[in-house]
Amino acid sequence: MEPLLVFPDPAPPALAQTLDLAGYPWKAIGSPDAASASEPDDGWSGAIVDASTDPDGAFALCRALRKGDLPFEPLLLLVSGVQLPDLELREDLFDEFALTPFQ
């Protein structure tokens with residue numbers, strides 16, 4: 001199984017622990033350039049982008065992942081409750097979203 005792309009770098013501790021306990025391989029990425037440079041030969045298996053601490057960086061990464069000929073998927077966006085209004089008009093940048101912190 002190819003690793004999941006996780007943003008930001010370093011990954012939030014709760015997210016890293018959850019992925020590790022579930023047995024998912026993952027790699028934390030800090031920018032769109034790093035995502036491209038670190039992409040496995042067979043591509044990423046998906047992405048989890050946490051926008052709670054760096055929303056501008058998170059949306060820039062989502063935009064970069066989606067702009068290719070074949071839009072990147074699946075892409076899960078993690079947001080805080082106060083960021084829900086920020087999702088309006090950005091539905092094309094992610095497949096699903098979830099509220100963070102999560103348990």
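Which ones in region 72-103 are hydrophobic (A, V, I, L, M, F, W, C), without any contact (Cβ under 8 Å) to a residue 60 or more places away in the chain, assigned to a loop (DSSP other than H, G, I, E, B) and in contact with a helix residue (DSSP H, G or I) (Cβ under 9 Å, 6 or more places away or on another chain)?
Scanning region 72-103 gives 72, 94.
Quick check, is residue 69 assigned to a helix (DSSP H, G or I), exposed (fewer than 11 other Cβ atoms within 10 Å of the Cβ) and of a type outside the set (Lys, Arg)?
Answer is no for this residue.
Between residues in region 52-71 that are acidic (Asp, Glu) and residues that are not in a helix (DSSP H, G or I), which pairs lie under 6 Å by C-beta distance while being six or more apart or on different chains?
Pairs that qualify, where the first residue is acidic (Asp, Glu) and the partner is not in a helix (DSSP H, G or I), are 54/8.
Rundown of residues vs (1) among the hydrophobic types (A, V, I, L, M, F, W, C); (2) in contact with a strand residue (DSSP E or B) (Cβ under 9 Å, 6 or more places away or on another chain); (3) loosely packed, with under 14 Cβ neighbours inside 10 Å, yes/no style:
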| residue | (1), (2), (3) |
| --- | --- |
| 10 | no, yes, yes |
| 15 | yes, yes, no |
| 46 | no, yes, no |
| 53 | no, no, yes |
| 74 | no, yes, yes |
| 78 | yes, yes, no |
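For region 46-66, which residues satisfy the criterion of being out of contact with any Ser or Thr (no Cβ under 6 Å at 6 or more places or on another chain) and not in a helix (DSSP H, G or I)?
46, 47, 48, 49, 50, 51, 53, 54 - these are the residues of region 46-66 that are out of contact with any Ser or Thr (no Cβ under 6 Å at 6 or more places or on another chain) and not in a helix (DSSP H, G or I).
Could you run through region 14-30 and say how many residues are farther than 20 Å from residue 99 by Cβ and of a type in the set (Gly, Ala, Ser)?
Looking only at that region, the number is 3.
Quick one: which residue in 93, 76, 65 is under 14 Å from the mean Cα position of the chain (by Cα) and closer than 23 Å to residue 18 by Cα?
76
Does region 10-43 hold any residues that are within 11 Å of the chain's Cα centre (by Cα) and assigned to a loop (DSSP other than H, G, I, E, B), and which are they?
Correct list: 11, 29, 30, 31.
Since every read-out is calculated from the coordinates, none of them should be taken as a lab result. Predicted model, so just to flag it, every value in this text is computed and none were measured. Cβ sites come from the backbone with ideal geometry, for glycine too, and all protein chains shown count toward neighbours.
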